[in-house]
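**Student:** Dropping the structure in here first, questions after.
The values are calculated or read from the model by the stated rules, or taken from the named source; none is laboratory data. A quick note: this is a predicted structure, and the numbers were derived from the prediction, not measured. Virtual Cβ from ideal backbone geometry, glycine too; neighbours counted across all protein chains shown. Note: accessible area is taken over every heavy atom of the protein model, side chains too, but ligands, DNA and RNA are not part of it. Shrake-Rupley method; radii C 1.70, N 1.55, O 1.52, S 1.80 Å.
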Amino acid sequence: MQAENLGKQVESGGQPLVILHEINFSVKAGESLAILGASGSGKSTLLGLLAGLDAPSSGTVYLDGHDLSTLDEDGRAHLRGRLAGFVFQSFQLLPALSALENVMLPLELHTASNLPAINNHSISIQERASQALQKVGLASRMTHLPKHMSGGEQQRVAIARAFVGQPKILFADEPTGNLDANTGAQIIELMLELNRAHGTTLILVTHDEALARRCSRQIHLAAGRVVI
Amino acid sequence: MTGNIFRLSFNMLRRDWRAGEWRVLLLALVLAVGSMSTVGLFADRVRQALQQEATSLLGADLRVTSTRVISPEYRAAALQRNLAIVTSAVFPSMVSRAQAISRAQVISRDPAISRDPAISRDQVISRDQATSADAQTMLTEIMAVGQGYPLRGKIEIDDGAQHVATSIPQRGTVWVDARLIQRLNLEIGDEINLGALRLRVAARIVRDVDQAIGFVSFAPRVLLNAEDLASSGLVQEGSRISYRLLIAGEPNKVSELRSWLAERLQLSEKIEDVRDARPEIRTALERAENFLGLAALTAVVLASVALALAARQFITRHLDTCAMLRCLGASQAQVLQIFLYQFLLLGFFAVIFGCIIGYTVQAGLVQTIAAMRDANLPSPGWMPIWQASISGLALLLGFAFLPLWQLKSVSPLRVIRRELGIPEARTGLLYGLGGVVLCGLFLWQAGSLKLGFIVLGGLAGGLLIFGLLAWLALRALSKIPLTGNRALTNLAQHGRTNALQIVALSLGGMALLLLTFVRGDLLDNWRTRLPPDAPNRFLVNIQADQREPLLNFFTAQKINTPKLFPMVRGRLIAINQRTISGNDYPDPRARSLVEREFNLSWSENLPSGNELVQGRWWKQPTESALSVEEGIAKTLDIHIGDTLTYDVAGSQFSAEVVNLRKLHWDSMQVNFFVVATPALLENFTASYLTSFHLSADQVRAGDKLITNFPNLLMINTEAVIEQVRNIVEQIAQTVSAIFMFTLLSGLAVLYAALLAMQDERIHQTAILRTLGADSHYLRKLHLTEFVVLGALSGLFSAAGATLLGWVIADQVLDIPYRPGVMLLLTGVGGGAVIVTLAGWLATRRVANMSPLRVLQSS
């Protein structure tokens, strides 16, 4: 992944407000990068731009050789479906779906989009989702709805959902922000372990220095700029 | 790919269904389709029954009249469309008794006359003597009918016993009008001479169909077997025979044939259905259809509001799902497809389910209402089912698809930044298109453009005005310096959402009030249009010198003295000095109006029951001015300021049209298309006519009237009145029955509106609980909010219903309407009570919920 002169500016009260200013960096395949910064420093906005969830005001992002600025909204969605996995601070599980169904969703969407089959063709979507949940230690909670699970369990489901599609890159936005220290540590351990096992590139947004140190590289953001 | 998307869509629907996400939307849609199909099916059956009953006055669904033998091409065209046909020939002819009877017989045969002290024996004798030369002959209207006559309605005869005729008269026999029996002193079994034939009177006609329209040709009828016609020798070159082809069958086939015939019609031919033939029935039927249309529209309005609220709630709840799908790689088109398939699937099942409910409920309604059951209503057609299904899907897509279109554009960034909602841009056109679809739907359901536009206008105006007033009212209330005014401030803080809820509740309430109070008032006012003592007899051909004796007769018989109207017959020959003829008018009705003579009258004042719609009434009777009925003015393209020239018995007069009038045909009063100032007409020889009410126990007095004034024609309009009353009653019962079902839709709106409020209230309550609010405080807060919301909604509902009711009464139904204060009180009180009760039921569990659980789940 490579970010070149990445900038984001919005209108606020009729005045232009610069959120990100000429961000430049690159991340190699399999590497893990932590983006650190205080609240309002522009971390989440940067993650959104890197993942193609939003379009930059200037500059561009290259993801697995694709220039995101040349892709439209659907093109970026297509790329995300093929390459990326996500873990969010607020879990973002669909409340009406059980744990298993939440994990099945990206695979079903993959099939619906007629994308090349992920991994083993002979295993059903349900089987694969079930295996992903077993890996995160939720074999016994597959049929439970998110509202009946603890925060830690919900984040494990989210991690299973992120990895089930075997993404090349994982974007994590404050994945431990809603969890207590102990659960947070377990979750980050699980995530890094899966990351290593799958050889996935990791982009992690956090304000937790200790957590950031577990990544191979860190960059600091302050007032929308990278600071050394 | 589509198959896979469909599978995914179906899976998501299944899961969402299990979680109850679709419940409100499905309920709203099933109720929408259910109420529309119930109303539609029910209305269709009543409409068909009314039409069938009304057509009995014509004896057919359609009648072609010609001065020549009906073209075989017409008959073939009707038969080709599987329509039933029968022909008849009508002409005036003198009929005489085959044997003379003695004067003694006259008296002995009419016990009423011989007993009546008001008519002396001398009078009877002198009348007999005076008319001895022609006493045994009379001008009649001969109607020669073929087998199968009449196609609609039943003829009732008395051939010793009174019963419904199952065939036509046998060859060699006739059925005759009671007036002929009286005038010729006939008895069943006697013989009459008709042309070269001597025919036996086999029955007296008690009730006839296919009556002649207008006063001129109204002579006693003799019903003859068509096969006897040729041998009568009456059909000759130059005979004044009117040939008729009566047609009946499937309404759409009849209407198709009507269009086919209209293109081929010769000058000497005309087509009529019961609406053309009987303006009183046309008015009643049109009003009935408007009432049914109003009921159907109310159902649609309620269904729309319920669906709009349910769809809004659904969309809000699915913002995160969309963002997540986008984040996981779904394209905008895929998101749209996923939800669209879900909506179509839901729509498909809801439509089927709704139609089944609709069919069952309408069948149940018919069975539970005795009058409906006895009326043996015809089976409903398929049209209402299609109409309800298409309308249901259109409503679903109209209210849900458009927000969905926006939903697909939800930014995937929402997964990180939850404050991102739905983008507002580029939706104006979509909403515009959606609005057009919904407008079309409304107009289609209303069955009348005018009614549709009025309700649509009322709805749109209501939306805007109620919304604005609600927002202003909430802001004003929040300024009241009350201790513990948290509830009002709360309402004002969410001004837009609460205003929307008030609008939804107001529209629902407005529809309900319109259907309860306003409906009742309108029906009562319609009923009073035709009071029990409405005129049921027309008396025509009264000569100037008979006016006084006639009025004396009325006084002697204790019948209310009616007003006599002068009448002069004249032909319209020029408009603005331009000579006109039937050929100038392509419209057959206009053509026939120009080709026949008008009944002209004169009056100093605007005749009672007439309404001035344009222009002024004359101040001086000495002016030269004309007043024209607005319908005929439109048909003949006559405007105020035009000069009309009439030919009355060879002399002409011209005058300017100074006003247009509206007539209430169903009042059964004497009405004239054209009224002139006295100065214009009073010097012409006029005859007079009147209408009066003859009660059942005064029938003999009516017979005496004709006996005493033999030149008068008395026309019995009882059948028409009965028909109009029947239509009013059937509609009253129908609309009442429909109301029961619409009430359910109204409750669905309420439920949907309250559920829409629930999500936000639950969240807010959890925060307040966390901050230390106790149940008492929360209950007080919620109750105050609900009372204010309910009362405001009720107030707007009552105001809207009153206004809309007045406009509908004045503009569509053409009946008076005076709103009562009860409507306002019920609106405000009912709104406050119902909304408070339902709101409390919906949110009472919130107060007992763990705030942590609520906040975690949100």
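**Student:** Search segment B:312-340 for residues being of a type outside the set (A, V, I, L, M, F, W, C) and more than 8 Å from chain A (Cβ to nearest Cβ), and hand back the single one that is surrounded by the most Cβ atoms within 10 Å (Cβ to Cβ).
**Tutor:** Result: B:HIS318.
**Student:** Since B:ALA230 meets every condition but one in (1) at pLDDT below 85; (2) closer than 22 Å to B:ALA49 by Cα; (3) among the aliphatic types (A, V, I, L, M), which condition does it not meet?
**Tutor:** Of everything listed in (1) at pLDDT below 85; (2) closer than 22 Å to B:ALA49 by Cα; (3) among the aliphatic types (A, V, I, L, M), B:ALA230 misses just condition (2).
**Student:** When you go through A:LEU221, A:LEU204 one by one, which is the residue that is in contact with a Pro (Cβ under 9 Å, 6 or more places away or on another chain) and at pLDDT 85 or above?
**Tutor:** A:LEU204
**Student:** Which residues, counting only those in segment A:169-226, are in a helix (DSSP H, G or I), closer than 17 Å to A:ALA132 by Cα and not charged (D, E, K, R)?
**Tutor:** Those that are in a helix (DSSP H, G or I), closer than 17 Å to A:ALA132 by Cα and not charged (D, E, K, R): A:GLN186, A:ILE187, A:ILE188, A:LEU190, A:MET191, A:LEU192, A:LEU194, A:ASN195, A:ALA197, A:HIS198.
**Student:** A further question on this structure: Which one is most open to solvent (accessible area, probe 1.4 Å) among residues in segment A:58-74 that are among the charged types (D, E, K, R) and more than 13 Å from chain B (Cβ to nearest Cβ)? Reasoning before the result, please.
**Tutor:** Let us first name the residues in segment A:58-74 that are among the charged types (D, E, K, R), namely A:64, A:67, A:72-74.
Adding the requirement that they be more than 13 Å from chain B (Cβ to nearest Cβ) leaves A:64, A:67.
On the way: A:ASP64: 76, A:ASP67: 36 Å².
Top of the filtered list is A:ASP64.
**Student:** For B:ILE271, all conditions in the list (1) within 14 Å of chain A (Cβ to nearest Cβ); (2) modelled with pLDDT under 85 hold save one; what is the number of the exception?
**Tutor:** Of the numbered conditions (1) within 14 Å of chain A (Cβ to nearest Cβ); (2) modelled with pLDDT under 85, the odd one out for B:ILE271 is (1).
**Student:** Just to check your reading of the model, which residue among A:GLU22, A:GLU31, A:GLU4 is in contact with a Phe, Trp or Tyr (Cβ under 8 Å, 6 or more places away or on another chain) and among the acidic types (Asp, Glu)? It would help to see each step written out before you state the result.
**Tutor:** On the way: A:GLU22 fails: in contact with a Phe, Trp or Tyr (Cβ under 8 Å, 6 or more places away or on another chain); A:GLU31 fails: in contact with a Phe, Trp or Tyr (Cβ under 8 Å, 6 or more places away or on another chain).
Unique residue meeting the criteria: A:GLU4.
**Student:** So which of B:LEU302, B:LEU345, B:LEU297, B:LEU309 is touching a Ser or Thr at 6+ places or on another chain (Cβ under 9 Å), buried (at least 24 other Cβ atoms within 10 Å of the Cβ), more than 28 Å from A:ALA162 (Cβ to Cβ) and away from every other protein chain (no Cβ under 14 Å)?
**Tutor:** Numbers: B:LEU345 fails: buried (at least 24 other Cβ atoms within 10 Å of the Cβ); B:LEU297 fails: touching a Ser or Thr at 6+ places or on another chain (Cβ under 9 Å); B:LEU309 fails: touching a Ser or Thr at 6+ places or on another chain (Cβ under 9 Å).
Step by step, each of B:LEU302, B:LEU345, B:LEU297, B:LEU309 is checked, and only B:LEU302 is touching a Ser or Thr at 6+ places or on another chain (Cβ under 9 Å), buried (at least 24 other Cβ atoms within 10 Å of the Cβ), more than 28 Å from A:ALA162 (Cβ to Cβ) and away from every other protein chain (no Cβ under 14 Å).
**Student:** Oh, and also: Of these, B:LEU413, B:LEU474, which one is closer than 30 Å to B:ASP320 by Cβ, modelled with pLDDT of 75 or more and within 14 Å of chain A (Cβ to nearest Cβ)?
**Tutor:** B:LEU413
**Student:** Give the number of residues within segment A:36-46 that are within 14 Å of chain B (Cβ to nearest Cβ) and more than 11 Å from A:LEU20 (Cβ to Cβ).
**Tutor:** 2
**Student:** A further question follows. Mind checking whether some residue in segment B:532-544 is assigned to a helix (DSSP H, G or I), outside the structural domain of B:PHE786 (by TED's automatic domain parsing) and open to solvent by 40 Å² or more (accessible area, probe 1.4 Å)?
**Tutor:** yes
**Student:** Would you mind telling me which numbered condition in (1) surrounded by 22 or more Cβ atoms within 10 Å (Cβ to Cβ); (2) more than 9 Å from chain A (Cβ to nearest Cβ); (3) under 18 Å from B:GLN337 (Cβ atoms) B:PHE10 fails?
**Tutor:** The single condition B:PHE10 does not satisfy is (1).
**Student:** Out of the residues in segment B:14-58 that are assigned to a helix (DSSP H, G or I) and at the interface with chain A (Cβ under 10 Å from one of its Cβ atoms), which is surrounded by the most Cβ atoms within 10 Å (Cβ to Cβ)?
**Tutor:** B:ASP16
**Student:** Condition test on A:LEU49, is it open to solvent by less than 40 Å² (accessible area, probe 1.4 Å) and in contact with a Cys (Cβ under 7 Å, 6 or more places away or on another chain)? Before you say what the answer is, go through the steps one by one.
**Tutor:** Values: open to solvent by less than 40 Å² (accessible area, probe 1.4 Å): yes; in contact with a Cys (Cβ under 7 Å, 6 or more places away or on another chain): no.
It is false that A:LEU49 is open to solvent by less than 40 Å² (accessible area, probe 1.4 Å) and in contact with a Cys (Cβ under 7 Å, 6 or more places away or on another chain).
**Student:** Please indicate, with yes or no, whether at least one residue in segment B:58-74 is among the aromatic types (Phe, Trp, Tyr) and in contact with a strand residue (DSSP E or B) (Cβ under 9 Å, 6 or more places away or on another chain).
**Tutor:** yes
**Student:** Let me ask something additional. Suppose we filter segment B:197-224 for residues that are open to solvent by 10 Å² or more (accessible area, probe 1.4 Å), aliphatic (A, V, I, L, M) and at pLDDT 55 or above; how many remain?
**Tutor:** 5
**Student:** Residues to consider are A:ALA99, A:ALA160, A:ALA112; find the one that is within 13 Å of chain B (Cβ to nearest Cβ), modelled with pLDDT of 90 or more and crowded, with 17+ Cβ neighbours inside 10 Å. Can you show your working first?
**Tutor:** Values: A:ALA160 fails: within 13 Å of chain B (Cβ to nearest Cβ); A:ALA112 fails: modelled with pLDDT of 90 or more.
None of the others qualify; the one that does is A:ALA99.
**Student:** Among the residues of segment A:75-95, write down those that are more than 8 Å from chain B (Cβ to nearest Cβ), in a loop (DSSP other than H, G, I, E, B) and aliphatic (A, V, I, L, M).
**Tutor:** Within segment A:75-95, just A:LEU93 meets the criteria.
This table checks each residue for (1) at pLDDT 70 or above; (2) outside any loop (DSSP other than H, G, I, E, B); (3) away from chain A (no Cβ under 14 Å); (4) open to solvent by 20 Å² or more (accessible area, probe 1.4 Å).
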site: B:LEU397; (1), (2), (3), (4): yes, yes, yes, yes
site: B:SER409; (1), (2), (3), (4): yes, no, no, yes
site: B:ARG417; (1), (2), (3), (4): no, no, no, yes
site: B:ILE422; (1), (2), (3), (4): no, no, yes, yes
site: B:ARG426; (1), (2), (3), (4): no, no, no, yes
site: B:VAL436; (1), (2), (3), (4): yes, yes, yes, yes
site: B:PHE442; (1), (2), (3), (4): yes, yes, yes, no
site: B:LYS450; (1), (2), (3), (4): yes, yes, yes, yes
site: B:GLY457; (1), (2), (3), (4): yes, yes, yes, yes
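**Student:** Scan segment A:5-21 and report the pairs whose first residue is at pLDDT 85 or above and whose second residue is in a strand (DSSP E or B) and exposed (fewer than 11 other Cβ atoms within 10 Å of the Cβ), with Cβ atoms within less than 8 Å and a gap of 6+ or a chain change.
**Tutor:** A:GLN9/A:PRO16; A:LEU17/A:GLU11
**Student:** Further, regarding this structure: Would you point out the residue of segment B:648-661, among those that are open to solvent by 40 Å² or more (accessible area, probe 1.4 Å) and in a strand (DSSP E or B), that is farthest from B:PRO586 (Cα to Cα)?
**Tutor:** Our first condition is that a residue be open to solvent by 40 Å² or more (accessible area, probe 1.4 Å); within segment B:648-661, this holds for B:649-652, B:654, B:656.
When the remaining residues are screened for being in a strand (DSSP E or B), the result is B:651-652, B:654, B:656.
Values: B:SER651: 28, B:GLN652: 26, B:SER654: 25, B:GLU656: 25 Å.
Checking each candidate, the answer is B:SER651.
**Student:** Now for a separate question. Within the group B:SER592, B:SER601, which residue is part of a strand (DSSP E or B) and either among the basic types (Lys, Arg) or closer than 24 Å to B:ARG661 by Cβ (or both)?
**Tutor:** After applying the criteria, what remains is B:SER601.
**Student:** Here are the criteria: (1) modelled with pLDDT of 85 or more; (2) surrounded by 15 or more Cβ atoms within 10 Å (Cβ to Cβ); (3) assigned to a helix (DSSP H, G or I). Tell me which single one B:MET567 does not satisfy.
**Tutor:** For B:MET567, the exception is condition (3).
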